[in-house]
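Engineer: One structure, pasted below without further comment.
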């Protein structure tokens, strides 16, 4: 006996002649089966939350207890992303034991901003030995802004929520416009020399420290 059922794929009502029928047509049945085997497309937000860049942002926000450390404006977010991309390329290119870190000029413990203007790419060994010492340049977040409760975060869930709320549109645009970022791959020694000019660290010293 025919009965009225809802199609499992399109949700429309259809007259099922069998009790086991789940689809209104062969087209819906095939489409449904394909959807089970094909990978699901991620939304822009899912792409953001699944990136190593976003994970680093969450860790830095938790470290500071606030998302006020991050930049305002698309241009500054593009610079921050480029810095992370360059560090990632270097770590992929450098031999084992010669990795680099992203380090603060004005330390995080002293309200140092997590912006490109306050960050540099250093050899991991140098960054570790430098600790939380002050540099003669950098960017500090004003105390009044740093303590603003509207930007506070104490858990990973809060950090994610705050980052997406205040800066989601900037991060989404970085992900969407990733092709615009030009990061030419050169020999790793040339890359390190170029990136370390700003920190004024002797390249030869870095190599000797890395090999020891």
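Engineer: So which residues in the stretch 54-78 are crowded, with 16+ Cβ neighbours inside 10 Å and in a helix (DSSP H, G or I), if there are any at all?
Structural biologist: 54, 57, 58, 60, 61, 62, 64, 76, 77, 78
Engineer: Still on this model: Looking at (1) in contact (Cβ under 8 Å) with a residue 12 or more places away in the chain; (2) farther than 23 Å from residue 139 by Cβ, which is the one condition that is false for residue 43?
Structural biologist: (1)
Engineer: Answer with yes or no whether residue 132 is loosely packed, with under 15 Cβ neighbours inside 10 Å, under 20 Å from residue 63 (Cβ atoms), modelled with pLDDT of 60 or more and touching a helix residue (DSSP H, G or I) at 6+ places or on another chain (Cβ under 6 Å).
Structural biologist: Spelling it out, residue 132 is indeed loosely packed, with under 15 Cβ neighbours inside 10 Å, under 20 Å from residue 63 (Cβ atoms), modelled with pLDDT of 60 or more and touching a helix residue (DSSP H, G or I) at 6+ places or on another chain (Cβ under 6 Å).
Engineer: Being surrounded by 11 or more Cβ atoms within 10 Å (Cβ to Cβ), within 19 Å of the chain's Cα centre (by Cα) and part of a helix (DSSP H, G or I) is the filter here, so list the residues in the stretch 135-167 that pass it.
Structural biologist: Answer for the stretch 135-167, where residues must be surrounded by 11 or more Cβ atoms within 10 Å (Cβ to Cβ), within 19 Å of the chain's Cα centre (by Cα) and part of a helix (DSSP H, G or I): 151, 156, 158, 159, 160, 161, 162, 163, 164, 165, 166, 167.
Engineer: Out of all the residues in the stretch 108-118, which are in contact with a helix residue (DSSP H, G or I) (Cβ under 6 Å, 6 or more places away or on another chain) and either more than 16 Å from residue 56 (Cα to Cα) or crowded, with 22+ Cβ neighbours inside 10 Å (or both)?
Structural biologist: Of everything in the stretch 108-118, those that are in contact with a helix residue (DSSP H, G or I) (Cβ under 6 Å, 6 or more places away or on another chain) and either more than 16 Å from residue 56 (Cα to Cα) or crowded, with 22+ Cβ neighbours inside 10 Å (or both) turn out to be 111, 112, 114.
Engineer: Look at the stretch 1-22 and say how many of its residues are surrounded by 10 or more Cβ atoms within 10 Å (Cβ to Cβ), touching a residue at least 12 places away in the same chain (Cβ under 8 Å) and in contact with a strand residue (DSSP E or B) (Cβ under 8 Å, 6 or more places away or on another chain).
Structural biologist: Count: 9.
Engineer: Going by the conditions given, is residue 209 surrounded by fewer than 18 Cβ atoms within 10 Å (Cβ to Cβ), in contact with a strand residue (DSSP E or B) (Cβ under 9 Å, 6 or more places away or on another chain) and modelled with pLDDT of 55 or more?
Structural biologist: No.
The values are calculated or read from the model by the stated rules, or taken from the named source; none is laboratory data. Computed from a predicted model, the values in this text were never measured in an experiment. All Cβ positions, even for glycine, are placed from backbone atoms using ideal geometry, and neighbour counts span all protein chains on display.
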